[in-house]
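Worksheet: the structure to be examined is printed underneath.
The values are calculated or read from the model by the stated rules, or taken from the named source; none is laboratory data. Bear in mind the structure is a predicted one, so any value in this text is a computation, not a measurement. Reconstructed Cβ throughout: ideal geometry from the backbone, glycine too, with neighbour counts over all protein chains shown.
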Amino acid sequence: MNPILGVDFGQARIGLAISDELHLLAHPLQTISADKTSVQKIAEIVRDRKIETIVIGVPRHMSGVVGTAAKSAIEFANRLRGQLPCTVETWDERLTTVAAERALREAGRKTHKTRTIVDQVAAQMILQGYLDRENQK
């Protein structure tokens, strides 16, 4: 099986994580800038790593309402769908970044030094949730 790419979309940075070939575990991959080249950078990763599916986190409010950040993530997912040959899915990711920051703090990482990796860990959590659900089916 080809790997799955997890995406934590943000206005400044986009965290990426990748699954193993068995779709059991998610691993942090990298953080890229959220700019006009983001889609192109992700397209290169899709091509180079033969990604079959992209899972993008949509940060809904706790009430389930789609706010500004969630709308931006959905728009980004739609841009990817229009330019990539693989499947692009969205995933409810409420509080993923908060959980990633907490996990890094508990691991002894200083918060001011984790800005670039917190997005990768959030993407890893998004992707792991997706993989766990898929494996339960």
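Some notes on this structure:
- Odd one out for VAL58, checked against (1) at pLDDT 95 or above; (2) touching a helix residue (DSSP H, G or I) at 6+ places or on another chain (Cβ under 7 Å): (1)
- Test: residue in the stretch 111-118 that is touching a Pro at 6+ places or on another chain (Cβ under 9 Å), modelled with pLDDT of 70 or more and closer than 16 Å to ALA34 by Cα: yes
- Look at (1) surrounded by fewer than 18 Cβ atoms within 10 Å (Cβ to Cβ); (2) farther than 18 Å from ILE32 by Cβ; (3) at pLDDT 65 or above; (4) within 16 Å of the chain's Cα centre (by Cα) and you find that VAL98 fails only one, number (3).
- Qualifying position, being over 17 Å from ILE18 (Cα atoms), at pLDDT 90 or above, surrounded by fewer than 16 Cβ atoms within 10 Å (Cβ to Cβ) and of a type in the set (Asp, Glu), among GLU106, GLU134, GLU75, GLU89: GLU75
- Strands (runs of 3 or more DSSP E) wholly inside the stretch 1-91 that include at least 3 residues being over 25 Å from ASN135 (Cβ atoms): 26-33
- THR53 passes every criterion in (1) hydroxyl-bearing (Ser, Thr, Tyr); (2) surrounded by 21 or more Cβ atoms within 10 Å (Cβ to Cβ); (3) modelled with pLDDT of 95 or more apart from (2).
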